[in-house]
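The values are calculated or read from the model by the stated rules, or taken from the named source; none is laboratory data. On a predicted model such as this, the values are computed, not experimentally measured, just so you know. All Cβ positions, even for glycine, are placed from backbone atoms using ideal geometry, and neighbour counts span all protein chains on display. Side chains included, ligands, DNA and RNA excluded: accessible areas come from the protein's heavy atoms. Shrake-Rupley method; radii C 1.70, N 1.55, O 1.52, S 1.80 Å.
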Amino acid sequence: MAKSQIWCAIGTLALLLASAVADDVVVLSEENFEKEVGQDRGALVEFYAPWCGHCKKLAPEYEKLGMSFKKAKSVLIGKVDCDEHKSLCSKYGVSGYPTIQWFPKGSLEPKKYEGPRTAESLTEFVNNEGGTNVKIAVAPSHVVVLTADNFDEVVLDETKDVLVEFYAPWCGHCKALAPTYEKVATAFKLEEEVVIANLDADKYKDLAEKYGVSSYPTLKFFPKGNKAGEEYEGERDLDNFVNFINEKCGTNRDAKGHYTSKAGLVKSLDTLVKEFVSASAEEKKSIFIKIEEEVEKLTGPNARYGKIYLKSAKSCLEKGSGYAQKEIDRIHRLLEKSISPAKADEFTLKKNILSSFA
């Protein structure tokens with residue numbers, strides 16, 4: 001395996017591990033249950049089934065709980081998919097969903113939670129059982145709230161691609177969708193031309209009727225070139241939403257909001273880079289001029305990416321063929337550190353483009 005491929009594999013693994021660690025609610029299975037639960041911290045565990053309506057209703061409250069206790073080292077908030085791990089759920093006497101149990105520190109003998117299924121009540125219970133004093137965290141929302149006053153300004157903006165959820169506050173399916181929809185908004189929060197929004201269709205009935213909304217939630221996509229709107233008919237899970245937006249908007253984000261390995265790549269420039277990499281030192285100079293000319297033609301986001309291509313080509317000319325791989329290695333080390341999302345985007349774009357030169 002080539003060195004660049006090895007680093008690519010390592011980078012992918014690092015991102016997967018980072019994603020697992022970043023989750024506020026720990027996903028438990030037969031393999032890791034006794035490594036996480038019954039150890040040196042108390043654990044609240046939700047045993048659920050993906051198809052269960054009560055579980056879906058609980059999901060946003062439970063995620064809020066997980067976020068609140070994320071920094072509490074003495075408490076773990078976890079969940080088990082009982083469809084996938086039937087024997088584990090059977091072991092702990094789970095016969096209905098959701099079942100919530102508290103496992104004291106150092107014990108695998110659970111105490112069943114019988115209280116209200118709200119973040120407030122669950123927080124009070126965990127604080128009492130775990131000896132903590134955690135307050136409920138309020139996460140900033142990246143979903144744009146639409147009203148009659150701002151709907152046209154936001155949705156009909158020809159420079160934006162806009163996904164709109166028409167919902168009703170009393171709708172159970174809307175409540176179940178809420179945490180997923182928030183994750184979609186978070187994944188695309190750095191994309192200036194993508195807007196994830198919602199409208200209380202119960203409050204603004206006229207707007208809902210105008211766009212043919214008769215059931216909740218209804219999701220409509222308003223791309224730059226079609227402000228009449230088109231119905232979103234895909235599955236309502238995070239991956240499908242992300243794939244839809246990437247396809248429609250030309251973005252390259254994963255479910256965690258990270259740039260994918262395709263982000264920043266420009267086909268016309270990649271063709272020239274292939275010539276550049278295999279050319280002699282003298283030929284590289286003339287191909288560099290072609291790259292320069294091609295970059296001048298680019299518009300929109302590609303113009304920004306083109307500048308990175310040009311800078312990379314210039315550095316390869318000045319520092320030799322080994323520059324690209326050395327720089328990729330350095331960027332991998334930087335991405336493993338705690339950096340801002342904007343800085344991670346910057347480094348990932350450069351890494352992706354440098355991979356064409358390596």
Item to check | Solvent accessible area, Å² - LEU335, 1.4 Å probe, full protein context | outcome: 50 Å²
Next on the checklist: If each residue of separation counts as 0.36 nm, what is the full-extension length gain between SER215 and LYS262 once their alpha-carbon separation is subtracted?
Outcome noted: 13.2 nm
Checklist entry - Quick one: Cα centre-to-centre distance for the stretch 331-358 and the stretch 67-90, in angstrom? => result 32 Å
Item to check | Rg over Rh [alpha-carbon atoms, Kirkwood Rh] for the stretch 180-287 | outcome: 1.19
Checklist entry - Which pairs in the list LYS70/LYS183; LYS86/LYS189; LYS183/LYS326; LYS183/LYS203 are over 27 Å apart, alpha-carbon to alpha-carbon? => result LYS86/LYS189; LYS183/LYS326
Checklist entry - Of all accessible surface on the stretch 208-316 at a 1.4 Å probe, what whole percent is carbon and sulfur? => result 47 percent
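Students sometimes get this wrong: rank HIS85, HIS54, HIS258 by accessible area, probe 1.4 Å, all chains present, largest first. Could you put the intermediate results ahead of the total?
On the way: HIS85 20, HIS54 115, HIS258 60 Å².
Heavy-atom accessible area, descending, gives HIS54, HIS258, HIS85.
My understanding is that a pair violates if its Cα-Cα distance is over 23 Å; which of LYS57/LYS160; LYS227/LYS297; LYS64/LYS160; LYS73/LYS111 do that in this structure? List each step's numbers first, then the result.
Working: LYS57/LYS160 32 Å; LYS227/LYS297 29 Å; LYS64/LYS160 30 Å; LYS73/LYS111 20 Å.
With Cα atoms farther than 23 Å apart: LYS57/LYS160; LYS227/LYS297; LYS64/LYS160.
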Checklist entry - If the cut-off is 18 Å between C-alpha atoms, which aspartates and glutamates fall inside it for LYS290, apart from same-chain ones fewer than 8 positions away? => result ASP270, GLU275, GLU282, GLU318
Checklist entry - ASP202 accessible area, nearest 10 Å², 1.4 Å probe? => result 50 Å²
Checklist outcome for this item: With every protein chain kept in place and a 1.4 Å probe, the stretch 52-146 has an accessible area per residue in Å² of 54 Å²
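Which of the chymotrypsin sites (Phe, Trp or Tyr not before Pro) found in the stretch 110-182 are in a DSSP loop and have at most 11 neighbouring Cβ atoms, other than their own, within 10 Å? Can you show the working numbers first?
Details: sites: TYR113, PHE125, PHE151, PHE166, TYR167, TRP170, TYR181; in loops: TYR113, TRP170.
Of the chymotrypsin sites (Phe, Trp or Tyr not before Pro), the ones in loops of the stretch 110-182 whose Cβ has at most 11 other Cβ atoms within 10 Å are TRP170.
In a shell of Cβ-Cβ distance under 9 Å around TRP102, excluding TRP102 itself, what net charge do Lys and Arg (+1) and Asp and Glu (-1) give? Don't jump to the answer; show the numbers that get you there.
On the way: positive: LYS111, LYS112; negative: GLU129.
Spelling it out: positives minus negatives among the neighbours equals +1.
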Checklist entry - With helices defined as uninterrupted DSSP H runs, which ones in the chain have an alpha carbon span along their own long axis of at least 30 Å and mean Kyte-Doolittle hydropathy of at least 0.5? => result none
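Restricting to Cα pairs below 8 Å that are 6+ residues apart, what does the relative contact order work out to for the chain? Please round to a whole percent.
Answer for the chain is 13 percent.
Working with all protein chains in place, sort LYS175, LYS135 by solvent-accessible area computed with a 1.4 Å probe, largest first. Write down the numbers at each step before the final one.
Values: LYS175 85, LYS135 150 Å².
From most exposed to least exposed: LYS135, LYS175.
May I ask what percent, to the nearest 5, of DSSP beta bridges between residues of the chain are antiparallel?
Numbers: 15 of 35 bridges.
Approximately 45 percent, going by the DSSP bridge assignments.
Going by accessible area, probe 1.4 Å, with all protein chains left in place, what is the ranking of PHE357, PHE347, largest first? Before the final figure, lay out each step's value.
Working: PHE357 10, PHE347 35 Å².
Of PHE357, PHE347, the descending order of accessible area is PHE347, PHE357.
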Checklist entry - Rounded if a/c is under 1.5, else prolate if a/b beats b/c, else oblate: with a ≥ b ≥ c from the C-alpha gyration tensor eigenvalues square-rooted, which is the stretch 222-358? => result oblate
